[in-house]
Amino acid sequence: MSVNNEAPKVKTANTANHLAYSRYLEVVSSSQAPRARELAKQLNISEGELVACRQGIETWAIKPPFQDLLALLEGVGEVMTITRNDEAVHETTGTYHKFSFMEKSNMGLVLSDDIDLRLFIGQWHSAFHVVENGRHSIQFFNAHGLALHKIYRTDNTLSEKWDALITEFRDASPVTPTYLPLEEEPEPISELPANFDQARFAKEWSELKDVHEYHGMLKRHDLSRTQALSQIGDQWATKLKQDSVKNAITFAEEENCNIMVFVGNKGCIQIFSGEVHRLMQQGPWFNVLDPGFNLHLREDLIAETWAIKRPSSDGIITSIEAFNAKGDSILTLFGKRKPGNPELPLWQNIVEKVISLSAKQETTS
């Protein structure tokens with residue numbers, strides 16, 4: 001079964017959609033168009049608006065609830081998934097299997113070896129099937145039109161099953177979504193809460209039993225992530241130089257260390273677990289270009305990087321985490337491990353090498 005590309009064209013909701021599409025055509029016809037996120041910024045619209053303005057032409061709305069579609073994606077075979085923020089792009093290729101949905105929290109999980117996702121579906125406002133330059137994808141956006149998660153058909157996807165799935169979930173009478181204006185991000189708060197108790201905070205940190213308790217602890221103390229790291233002391237957190245993520249991944253490649261790479265946004269966290277091999281620097285972008293996993297990281301947009309140690313019932317869990325200027329997490333690195341198992345000593349040694357190299361750079365700068 002194939003998708004009927006002659007589906008009724010959607011009437012745009014207002015003149016703004018027509019103007020957005022006209023501006024889109026001008027850009028893509030006059031020069032080599034940038035990636036969708038950058039093109040939307042160039043046109044001063046959200047990426048959701050950029051996609052929505054092409055409805056009925058090369059884009060078709062997908063009807064909710066979106067978890068119903070996700071539950072059937074395993075049947076199409078191989079896909080490529082992309083999750084990103086402004087500073088990092090994370091791409092994995094595999095099968096979308098072992099999907100589960102927790103209705104109470106409106107959260108989905110994909111827990112396979114090749115595609116590992118935490119899906120915060122309560123943030124998902126709209127979805128589209130997009131055909132562009134011969135590439136088919138399903139793209140999900142939040143209420144502000146920010147892209148949260150994308151799923152691409154590959155050469156190995158079962159195309160007939162993909163087309164049947166799209167036909168089943170294509171919205172026959174869609175309404176062009178209205179997106180909220182992008183909110184101005186407040187400046188990060190540097191002042192600590194008036195009632196902050198550093199001794200109590202340090203005690204709670206030392207008593208952590210699971211890394212998943214960490215964010216609840218920060219919430220109880222009303223601390224941002226970077227505030228917490230600056231307050232906990234060198235025993236648990238060490239501030240690093242900007243190139244430390246690249247150095248950690250490079251050491252992992254040299255020593256064949258299995259790592260975990262987390263990249264996310266408010267609607268999705270995507271995780272890669274395994275070895276990395278093909279590393280490449282292209283301008284400000286540091287890249288991992290392996291079969292099945294690609295990472296693209298804008299090093300110049302990293303504002304803070306930390307090596308972090310958290311106690312757990314499995315022993316110390318060590319990570320390296322990068323933040324942007326707003327204090328949002330860009331990327332987190334762990335050594336590959338399963339719950340119930342201790343951390344890889346090889347990964348702990350790599351983190352110590354990164355800390356040592358960063359300290360040397362600090363003394364010579």
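The values are calculated or read from the model by the stated rules, or taken from the named source; none is laboratory data. Note that this is a predicted model, so its numbers are computed, not measured. Note that each Cβ is placed from the backbone with ideal geometry, even for glycine, and that neighbours are counted across all protein chains shown. The area values use the complete protein model at the heavy-atom level, side chains included, leaving out ligands, DNA and RNA. Shrake-Rupley method; radii C 1.70, N 1.55, O 1.52, S 1.80 Å.
Just a few scattered comments:
- A count restricted to region 296-348 and to residues that are open to solvent by less than 20 Å² (accessible area, probe 1.4 Å), among the charged types (D, E, K, R) and part of a loop (DSSP other than H, G, I, E, B) stands at 1.
- Criterion: of a type outside the set (A, V, I, L, M) and touching a Ser or Thr at 6+ places or on another chain (Cβ under 9 Å) - qualifying residue of 125, 144: 144
- Wholly within region 124-222, strands (runs of 3 or more DSSP E) carrying at least 1 residues that are free of Cβ contacts under 8 Å to residues at least 24 places away in the same chain and over 21 Å from residue 65 (Cα atoms): 135-141, 147-157
- Any chance residue 282 is more than 19 Å from the chain's Cα centre (by Cα), in contact (Cβ under 8 Å) with a residue 24 or more places away in the chain and surrounded by fewer than 17 Cβ atoms within 10 Å (Cβ to Cβ): no
- Sole exception among (1) assigned to a helix (DSSP H, G or I); (2) open to solvent by 90 Å² or more (accessible area, probe 1.4 Å); (3) modelled with pLDDT of 95 or more for residue 239, by number: (1)
- Residue 229 being touching a Pro at 6+ places or on another chain (Cβ under 6 Å) and either farther than 30 Å from residue 44 by Cβ or outside any helix (DSSP H, G or I) (or both): no
- Of all residues in region 242-259, exactly one satisfies the criterion of being in a loop (DSSP other than H, G, I, E, B) and free of Cβ contacts under 8 Å to residues at least 40 places away in the same chain, namely 256.
- When 209, 219 are checked against the criterion of being surrounded by fewer than 16 Cβ atoms within 10 Å (Cβ to Cβ), within 21 Å of residue 330 (Cβ to Cβ), basic (Lys, Arg) and out of contact with any strand residue (DSSP E or B) (no Cβ under 6 Å at 6 or more places or on another chain), a single residue qualifies: 219.
- Yes/no for residue 251 being aromatic (Phe, Trp, Tyr), modelled with pLDDT of 95 or more and under 30 Å from residue 66 (Cα atoms): no
Here's the yes/no breakdown for (1) open to solvent by 20 Å² or more (accessible area, probe 1.4 Å); (2) at pLDDT below 85; (3) over 30 Å from residue 322 (Cβ atoms):
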residue	(1), (2), (3)
7	no, yes, yes
14	yes, yes, yes
37	yes, yes, no
52	no, no, yes
59	no, no, yes
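- Output for region 310-336, where each listed residue is farther than 23 Å from residue 89 by Cα and in contact (Cβ under 8 Å) with a residue 40 or more places away in the chain: 310, 311, 312, 313, 317
- Residue match in region 260-269 (condition: without any contact (Cβ under 8 Å) to a residue 60 or more places away in the chain and outside any loop (DSSP other than H, G, I, E, B)): no
- Residue among 249, 259, 271 that alone is under 22 Å from residue 93 (Cβ atoms), buried (at least 20 other Cβ atoms within 10 Å of the Cβ) and touching a Gly at 6+ places or on another chain (Cβ under 8 Å): 259
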